[in-house]
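Notes follow the structure.
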Amino acid sequence: MIDAKRLQILTEAARFDVSCSSSGSARKNAGGMGNGYAAGLCHSFTPDGRCVSLLKILMSNDCVFACKYCMNRCDLDVPRASATPEEIAELTTDFYKRNYIEGLFLSSAIVKSPNYTMELLLRTVKLLRQTYRFFGYIHVKGIPYADDGLVEEAARYADRMSFNIELPSEKSLKLLAPQKSKEGLLVPMRTLEKKREIFREERPKELFLPAGQTTQLIVGATPETDGAIVRLSERLYRGAKLKRVYYSSYLPMVHDSLLPDRPAGQLREHRLYQADWLLRFYGFTADEIAPEGENLPLDIDPKCAWALRNLQYFPVEVNRAPLELLLRVPGVGGRSADKILKAQRYTRLTFDDLKKMRVVLKRARHFLTADGKYYGAKDLQTVRGLLAVAEQSGTCEQLSLFDHATAYSALTGEF
Amino acid sequence: MIYFTDGTKESFLTAFLAAYSDDEAYITSSQAQLALGQKSVFVGANPARAARAEQRLLSFDKDCIEELTMLLRSGEPEREQLAFGYLKFLSEERRPVRGMLAKSEVLAAQECLARVTREIHRLHGFVRFLECESGALYAPIVPKADICDLLVPHFQKRLQGIPFVLHDVPRKKAAVCDGKRCFAAPLEQAQIVLSASETQWQQLWRKYYQSVNLPSREKLKQIRGNMPVRYWRVLTELH
Ligand code: SF4
């Protein structure tokens, strides 16, 4: 059994990976313990509001690289620890059996060399699947510059893999993570995705990363704008076919003259998650969300900002609007749109009906008519002011409204 | 008139027929609803009448009895009245009405159903098993709805072959899986002997829970929304 001290070091160092989701895999229990839960499942919430779904742990924090923002960099004098594949496998299955977790998120600092590290990760997942007969969720970090063969073999046992880009531009990477390069991170992602495609077509019965790939970007450590970040995410979703891009607002853990001393605001991170949601589910393009060189406004959400720039589409009549258009109305999310479409079939909806159906109208009323009636403000200036007020009073309420499907990440940004 | 039922589906369906044409009807299984001066009647289960009501309702909507069962499981004080409003409207319309969300009776019932479904989903995550000396797993739970048995399939698939018990502590009953068969049983208080390593695993889990937190970002309000306080009692990491 791993001791508490090492557990603490190896998990404290892993918590900066914000990816928490256990969704996307319906792996079956093939005569052992565990299975996938396609919608993902939260097992607890920590006081910082994040969902605990996976056991997030590093194999080791003893790194040979020196990325400036990282606590594990080789030139720092911090306590170092490592765990063996057996210790991780035992910990995972014993936590899983007690229903503490949905599975494992296994990462590592680069010990000795990329290949040495990737081999350790591979040995651990193989041990779990083959010896421990564990079929719960496994997310494995891809180690940049490790051989393709090792990465691909790990992908045959894992549900999801991720290479973290961390810094949103080549320039920032050069400056802050001199041993990494954008291509060094993007190429293995593309290779894996191609392999996934081949498996899907030629060997559909065999699992190869059923939950796909994700990545993470640190926001606020470097000067990239939200416009540039949203464009990068769009390319990652549409080009590299990633399942999720996570955003992590910068928290200074080590002092370095090249890095800001203060943490980046969490509101900015929240806005990026909202923009991400627009990209993934509401059919927006990065161009619509934010100009390349600009940041997202902080006082109103990105959908409101888009609507104010595109008043020619509004107001929308709820009784006639198709789903795509309803989803573009500020304040109307997937669930409200769904309710409206269902109820539309039986009756001509009025504002009163919408209220009764608990569609939140604080923002939406400026962009909707119901049965021909409009209850919004008359001019643009007033609308913007009211939206900002609605935003201030609404943020907390909105976060607590997340339902089970989205609660696994209060960070997702649905709105 | 207040119609008291014994809490079962049959008693409810019998009361449903009796109350159908009474515009002032209020159906409940909770004695707390008794107000002075109001007329009331107790309606026990009449199997023949209940079956007739069920057939009739099913002819309008084949899924409505399943919904009724879930509403009655919800544990909410207004559950019978909520089901009454919904099923009465269904009988007037003579067709499925669950999409008519602008009708308050429908919305109320659908929202209640959604709360039960959500609780089942949440509890899949918020159950904490203790390992007993025999290797069997035991979890005390405190669900709002009466759903102990509905949690079983999820854990049965995962734990293949490991015996486990889900103990609904306030309702004093349990769902038991002995590794092969599953059944429900009344259970007042469980006598368990923990396995030798159980406490150590619990300590490691608490340590993990503390280690992943980012102390600079407390958001307690949000946590209460995502992890209601009623479940905290059994969450190992919080004690
Ligand atoms: S390679 Fe990873 S662990 Fe090592 S210093 Fe860079 S970010 Fe930190």
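A few points about this structure:
- Qualifying residue in the range B:111-123 (condition: surrounded by fewer than 21 Cβ atoms within 10 Å (Cβ to Cβ), part of a loop (DSSP other than H, G, I, E, B) and hydrophobic (A, V, I, L, M, F, W, C)): no
- Residues within the range B:6-44 that are touching a strand residue (DSSP E or B) at 6+ places or on another chain (Cβ under 9 Å) and closer than 13 Å to B:PRO77 by Cα, tallied: 8
- Some residue of the range B:192-210 being over 30 Å from A:TYR250 (Cβ atoms) and acidic (Asp, Glu): yes
- Test: residue in the range A:274-296 that is surrounded by fewer than 16 Cβ atoms within 10 Å (Cβ to Cβ) and among the aromatic types (Phe, Trp, Tyr): yes
- Looking across A:THR92, A:THR46, A:THR11, one residue alone is more than 8 Å from every other protein chain (Cβ to nearest Cβ) and polar (S, T, N, Q). It is A:THR92.
- Only one of A:GLY212, A:GLY184 that is on the phi > 0 side of the Ramachandran plot and away from every other protein chain (no Cβ under 14 Å): A:GLY212
- Filtered by the rule that a residue be away from chain A (no Cβ under 14 Å) and among the β-branched types (Val, Ile, Thr), the range B:152-173 gives a lone residue, B:VAL169.
- For the range A:120-164, the set of residues classified as acidic (Asp, Glu) and more than 20 Å from the chain's Cα centre (by Cα) consists of A:ASP147, A:ASP148, A:GLU152, A:GLU153, listed by residue number.
- Residue that is nearest to B:MET100 (Cα to Cα) [pool: residues in the range A:310-358 that are in a loop (DSSP other than H, G, I, E, B) and touching a residue at least 60 places away in the same chain (Cβ under 8 Å)]: A:GLY333
- Selected residue (criterion: nearest to the ligand (Cβ to nearest atom)) from residues of the range A:63-80 that are closer than 18 Å to A:LYS5 by Cα and surrounded by fewer than 19 Cβ atoms within 10 Å (Cβ to Cβ): A:MET71
- Of the residues making up the range A:13-52, those that are charged (D, E, K, R) and either surrounded by 23 or more Cβ atoms within 10 Å (Cβ to Cβ) or more than 16 Å from the ligand (Cβ to nearest atom) (or both) number 4.
- A:ASP94, sole failed condition from (1) closer than 24 Å to B:ALA139 by Cβ; (2) surrounded by fewer than 23 Cβ atoms within 10 Å (Cβ to Cβ); (3) touching a Lys or Arg at 6+ places or on another chain (Cβ under 9 Å): (3)
- Criterion violated by B:VAL176 - all others in (1) without any contact (Cβ under 8 Å) to a residue 24 or more places away in the chain; (2) in contact with a Cys (Cβ under 9 Å, 6 or more places away or on another chain); (3) within 11 Å of chain A (Cβ to nearest Cβ) satisfied: (3)
- Residues in the range A:163-183 that are loosely packed, with under 15 Cβ neighbours inside 10 Å and part of a helix (DSSP H, G or I): A:GLU170, A:LYS171, A:LYS174, A:LEU175, A:GLU183.
- Among the residues making up the range A:173-183, a single one is more than 11 Å from the ligand (Cβ to nearest atom), touching a residue at least 12 places away in the same chain (Cβ under 8 Å) and under 15 Å from A:THR215 (Cβ atoms): A:LYS182.
- Exactly one residue out of A:ASP276, A:ASP287 is farther than 22 Å from A:ALA390 by Cβ and either outside the structural domain of A:ASN72 (by TED's automatic domain parsing) or in contact (Cβ under 8 Å) with a residue 12 or more places away in the chain (or both): that is A:ASP287.
- Close Cβ contacts (under 6 Å, 6 or more residues apart or on different chains) running from residues in the range A:53-75 that are free of Cβ contacts under 8 Å to residues at least 40 places away in the same chain to residues that are in a loop (DSSP other than H, G, I, E, B) and within 7 Å of the ligand (Cβ to nearest atom) comprise A:CYS74/A:CYS63; A:CYS74/A:ALA66; A:ASP75/A:ALA66.
Table: residues versus (1) more than 8 Å from every other protein chain (Cβ to nearest Cβ); (2) more than 15 Å from the chain's Cα centre (by Cα); (3) polar (S, T, N, Q); (4) buried (at least 22 other Cβ atoms within 10 Å of the Cβ).
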| residue | (1), (2), (3), (4) |
| --- | --- |
| B:PHE89 | yes, yes, no, no |
| B:ALA109 | yes, no, no, yes |
| B:CYS132 | yes, yes, no, no |
| B:LEU150 | yes, no, no, no |
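- Hey, B:ARG95 basic (Lys, Arg), surrounded by fewer than 16 Cβ atoms within 10 Å (Cβ to Cβ) and over 19 Å from B:GLY7 (Cα atoms) or not: yes
- Scan of the range A:83-111 for residues that are within 16 Å of the ligand (Cβ to nearest atom) and farther than 15 Å from A:ILE143 by Cβ, ordered by number: A:ALA83
The values are calculated or read from the model by the stated rules, or taken from the named source; none is laboratory data. Computed from a prediction, not measured in an experiment: that's the story for all the values here. Here Cβ is always computed from backbone atoms with ideal geometry, including for glycine, and neighbour counts include all displayed protein chains.
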